[in-house]
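Peer 1: Would you mind keeping the following structure in view while I ask a few things?
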Amino acid sequence: MSEFLNSLATGFGLGSVYGLVALSFSFIYRATGTFNFAQGQLVTIGSLLAYTLSVKAGLPVLVTLIILAATVAVLGGLTERVAIWPLAGRLDDNNMTWLISTLGVAVLLTGAAERIWGTVPQGVPNYVGPAVLHFGSGVDVPTPLVVAIVVAIAMAVAIELFQRYSLWGKLMRAVADNRRGVELAGINVVTVGLASFTLGGLLSGIAGMVIAPVTYADSTLGFDFVIYAFAAFAIGGFVSHWGALLGGWIVGCTESLGGVYLGLEYQDVVLFGLLIVVLVLRPEGLIAARAARRV
Amino acid sequence: MTRTSLRNAIGRSGALRKPGQRSVAGVSHLDGASSWVRQIRRQQVRSSGIAMLAVVLVIFGLLDQQQEYLLTGVTALTLAIAASGLGFALGLGGEFILGQLALFAVSSYVTAWLTVGHNWNFWVACVGGIVAAVLVGLVLSLVGLRTSSFYFALVGFFLVYLIPEITQIFSAQTGGTAGLAVPDIPSFFGTQLDTRGMFLLAAAVLVVALIFLDNLRRSPLGSHLRHMRDAPACLAVAGVRASTVRIVTYLVSSALAGAGGAIYSHITGYLLPTDFDLTTTVMLFAAVIVGGSTTLLGPTIGVLILYMLPNTVFNIQSYADLVYGATVLASVLLFRGRAGTVIGNRYRRIKDSMLRGGNRAGVSPDRPRAPGTSGSVDELVDILWGLREGRQQQAQAGPLLVRGIRKSFAGVAALDMSPETVMRTNPGEVHLLLGPNGSGKSTLLNAICGLVRVDGGTVRLGDTELTGLPAFRVARAGISRSFQSPSLPAEVTPRDLISSALCQLRSLSYLHWATLDRKARRALRESRRTAHRICAVTNLSAAENRPCVELTSGQRRILDVLLAVISGSRIVLLDEPAAGLSEAEREQLGRMVRGLARRGIGFLVVEHDLNLAFNIADCLTVMAGGRIVIHGTPDEVRSSASAREIFTGVKV
């Protein structure tokens, strides 16, 4: 029983890690309709910067966070300039050129990160508190996982508030809903896109830093994040960022329980099966808008 | 042995592609002779690319002495086979098959496992590998059918990512991370295939695959695919089921991935899960895009460049990922993801100039008559009507009956007919639908042809109930339509578009088209000739070999109307066919509609040009606010006070 609870708790923790990454993906997807492949590598760059700044340079956690978030946000903005902006006016439903251009950026960033930081995973110690938190009845959860759960929920709430109450948040929702209409209202949708990618980069950076103690700072993980974030995002549903979070938890629990009860090599295969089943039976994901539309 | 058989294969393929001499007897007059000359030149130009590739590959395979280059080359060829399948799906159908490499790997492992573990003959094992790849491809296609292509792409990507894990699970069969030794050496009629033999085998398979794809590209499937990419709604109203087209596409591309993978399994004598990594996936995509996804040879050339160069000429293997990433990005940004179109256009211009040159030297082409003369319209009607002869017995004539249709969008009623309202369009009758903007005319057409799901009311054609049927079924029941803003596949020419619509009338299966057997060749030849005649008597004569994207709006509209008429339907719906047409073209259109109606086709036409409307109409229906205001003959409507009020805005 305690094994089950432990792996469930681990699942939620890992799920929050995936949820955090998925949140940054869904943030951009919902604002611009593009699934940014490079986002996974931005998360790993966040982790690697956390390693460099806080472990190597010994900077305080808060300073690390600020520098790192700003850097990755700039990288996010650059991704938009390089991979999306030149395609402006071609972002319609039938044209998925962005898929290939962001894939190109992702490969470039991966190559660059591997050459700067190497391919050996670097450990990043816990930022706060003891290494493991005890929850009674034999359930022990590593602190970074608890931090991930807390940050993931906080981030989802923050995105919700941002999109609901701030002008830019409303603009991004409007652009996602009706790009042409917003453009005709005299608003520069390209700038809104740039802002979305920059903020998405910021979220990726934060996610990378929060998850670094769990996943280690590993330059080769970028595409793994893409896969898990996509699974979370597709299973949970893309219409709301709560879908990304819920999907993240489902992915985390599937992985963790599957790993314990079936064996580690079955983890991702089980997840893949689940993803196919969900997509075939409920293509719009678990949390869907009332008027379900095809993606 | 291998050498001669390969040469024979190439020789045969060349012979296959020349149109048969027996057509000469059946062709009439000058028109036939000139089109025959053109046909041969066209075929030669078309197949010359494949022939050139074949010659280069054979020379390389026979001359090259370095084992290392041959190994790289044969790997590149197997990847090129997979890439050409990817290019077919991506360039024509807009399907992002990121999982192509996973299918390649599946086929590799299955082939290797069958030969190593079960002592199967290599050739039989290859078939097993291809079947396995196709099965996995079909499972993936379930996702593709249910969701958007973007989800489909990422699910494929996920599958590539899973390769190491799956080989681990099946480590008994695949050797897991340690790899699988494949000591088996395939033999070809007693000759052991060494690396050179495998190279020639891969080259032969690639050439056959390209011929096969070339056939499919020119078949109705090719134009259906492009329609699916550029204008999915048009596909449905042409009576084609989109899901069938997609599944066939997935089948073709997974079979090609399987063929490449099967050969790959026996190249190095060793299979490693790391052979199938994400970098190679990116390389495949980069190759398809750099080479030009909409062209036939582009993906192959792309792979040969992108795979061979880093591995042989430049020693940049360790930077391969950066090179591929940068290549993908650069080609997308330079050509905006349409490299194929850019390169393809240049190739087409060269090809066109060669064709024109041929005409100047040979028989002079028949001059098209000036469009708009009554003679040309009569001829057009004759041609179009001729297409239907022989098909008429099956199709029973019945009126289109629309009863009490209601439809609201988000609470706003677009169509609000009372239940007893009946609108009737008889075969042989031109029925005009008039009314101010927003009165529900286009929605009514959409409701009839199944593009919009109605809230109430019924649509019948004769005895056939059409209410609630999907668009492609309505189209097959005998209702076709043109669109208010025609969307045509960008790089296809009007002649090819018309000819593929004509080919579709033959209802040959895709298998006929893939192998281009006698029936298919005849259908293609006759359709192209008829298409040429149709273009010659319409305003398309000058533009018949230009891609649709370069047509004027008048030409696009005429083409769209022609496609609707060609489909062989009893009832044709036209949505503002005259918008954007010149005076002469309107005249021509009106006479064409009248001429075809006289022969028994029913037309339901939405039109704002009242002169044209009253000229061609047998009866008119005026709509306002989603309701039918008045229905009657032109004279009755002209004298009606309520109609006058609607048209002039003045209360009478």
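Peer 1: Kindly establish whether B:L304 is at pLDDT below 80, assigned by TED's automatic domain parsing to the domain that holds B:D184, of a type outside the set (D, E, K, R) and not in a loop (DSSP other than H, G, I, E, B).
Peer 2: So B:L304 does not fit the description; no.
Peer 1: Here's a follow-up. Considering only residues that are more than 10 Å from chain A (Cβ to nearest Cβ), in contact (Cβ under 8 Å) with a residue 12 or more places away in the chain and assigned to a helix (DSSP H, G or I), which ones fall in region B:138-180?
Peer 2: Those that are more than 10 Å from chain A (Cβ to nearest Cβ), in contact (Cβ under 8 Å) with a residue 12 or more places away in the chain and assigned to a helix (DSSP H, G or I): B:L138, B:S141, B:G156, B:I163, B:Q173, B:T174, B:T177.
Peer 1: Related question: Residues being under 19 Å from B:F170 (Cα atoms), out of contact with any Leu (no Cβ under 8 Å at 6 or more places or on another chain) and aliphatic (A, V, I, L, M): count how many of those fall in region A:261-291.
Peer 2: 3
Peer 1: May I pose another question? Spot the failing condition for A:V189; the list is (1) touching a residue at least 40 places away in the same chain (Cβ under 8 Å); (2) in contact with a Lys or Arg (Cβ under 8 Å, 6 or more places away or on another chain), and only one is missed.
Peer 2: (1)
Peer 1: Which residue, of B:T177, B:T167, is of a type in the set (V, I, T), surrounded by fewer than 20 Cβ atoms within 10 Å (Cβ to Cβ) and not assigned by TED's automatic domain parsing to the domain that holds B:N446?
Peer 2: Answer to the selection: B:T177.
Peer 1: From the list B:A133, B:A172, pick out the single residue that is in contact with a helix residue (DSSP H, G or I) (Cβ under 6 Å, 6 or more places away or on another chain) and among the aliphatic types (A, V, I, L, M).
Peer 2: After ruling out the rest, the residue left standing is B:A133.
Peer 1: Given the condition within 27 Å of the chain's Cα centre (by Cα), among the charged types (D, E, K, R) and in a loop (DSSP other than H, G, I, E, B), answer yes or no: does some residue in region B:535-558 qualify?
Peer 2: Within region B:535-558, one or more residues are within 27 Å of the chain's Cα centre (by Cα), among the charged types (D, E, K, R) and in a loop (DSSP other than H, G, I, E, B).
Peer 1: Tell me the residue from B:R557, B:R533, B:R525 that is of a type in the set (K, R) and buried (at least 24 other Cβ atoms within 10 Å of the Cβ), please.
Peer 2: B:R557 is the lone residue from the list that is of a type in the set (K, R) and buried (at least 24 other Cβ atoms within 10 Å of the Cβ).
Peer 1: Assess whether B:E587 counts as being without any contact (Cβ under 8 Å) to a residue 40 or more places away in the chain and surrounded by fewer than 24 Cβ atoms within 10 Å (Cβ to Cβ).
Peer 2: no
Peer 1: Please verify whether B:L135 is assigned to a helix (DSSP H, G or I) and surrounded by fewer than 20 Cβ atoms within 10 Å (Cβ to Cβ), treating the condition exactly as stated.
Peer 2: yes
Peer 1: Being part of a strand (DSSP E or B) and either in contact with a Pro (Cβ under 7 Å, 6 or more places away or on another chain) or closer than 23 Å to B:G580 by Cβ (or both) is the filter here; which residues of region B:623-652 pass it?
Peer 2: Matches in region B:623-652: B:M623, B:A624.
Peer 1: When you go through (1) of a type outside the set (G, A, S); (2) at pLDDT 85 or above; (3) buried (at least 22 other Cβ atoms within 10 Å of the Cβ); (4) more than 13 Å from B:L604 (Cβ to Cβ) one by one for B:R460, which number turns out not to apply?
Peer 2: (3)
Peer 1: Right, here's the next one. Select from region A:227-257 the residues that are outside any helix (DSSP H, G or I) and not aromatic (F, W, Y) and write down the one among them that is surrounded by the most Cβ atoms within 10 Å (Cβ to Cβ).
Peer 2: Restricting to residues being outside any helix (DSSP H, G or I) and not aromatic (F, W, Y), the top hit is A:G237.
Peer 1: Related question: Restricted to region A:187-226, and to residues that are within 14 Å of another protein chain (Cβ to nearest Cβ) and of a type in the set (F, W, Y), which residue is surrounded by the fewest Cβ atoms within 10 Å (Cβ to Cβ)?
Peer 2: Ranking the qualifying residues of region A:187-226, first place goes to A:F223.
Peer 1: State the number of residues belonging to region A:268-277 that are more than 8 Å from every other protein chain (Cβ to nearest Cβ) and within 20 Å of the chain's Cα centre (by Cα).
Peer 2: 2
Peer 1: Within region B:256-266, does at least one residue satisfy the condition of being touching a Cys at 6+ places or on another chain (Cβ under 7 Å) and either assigned by TED's automatic domain parsing to the domain that holds B:A477 or more than 22 Å from B:P489 (Cα to Cα) (or both)?
Peer 2: For region B:256-266, residues touching a Cys at 6+ places or on another chain (Cβ under 7 Å) and either assigned by TED's automatic domain parsing to the domain that holds B:A477 or more than 22 Å from B:P489 (Cα to Cα) (or both): present.
The values are calculated or read from the model by the stated rules, or taken from the named source; none is laboratory data. Owing to the predicted nature of the structure, the values given are computational and were not obtained by experimental measurement. Cβ: placed from backbone, ideal geometry, glycine included. Neighbour counts: every protein chain shown.
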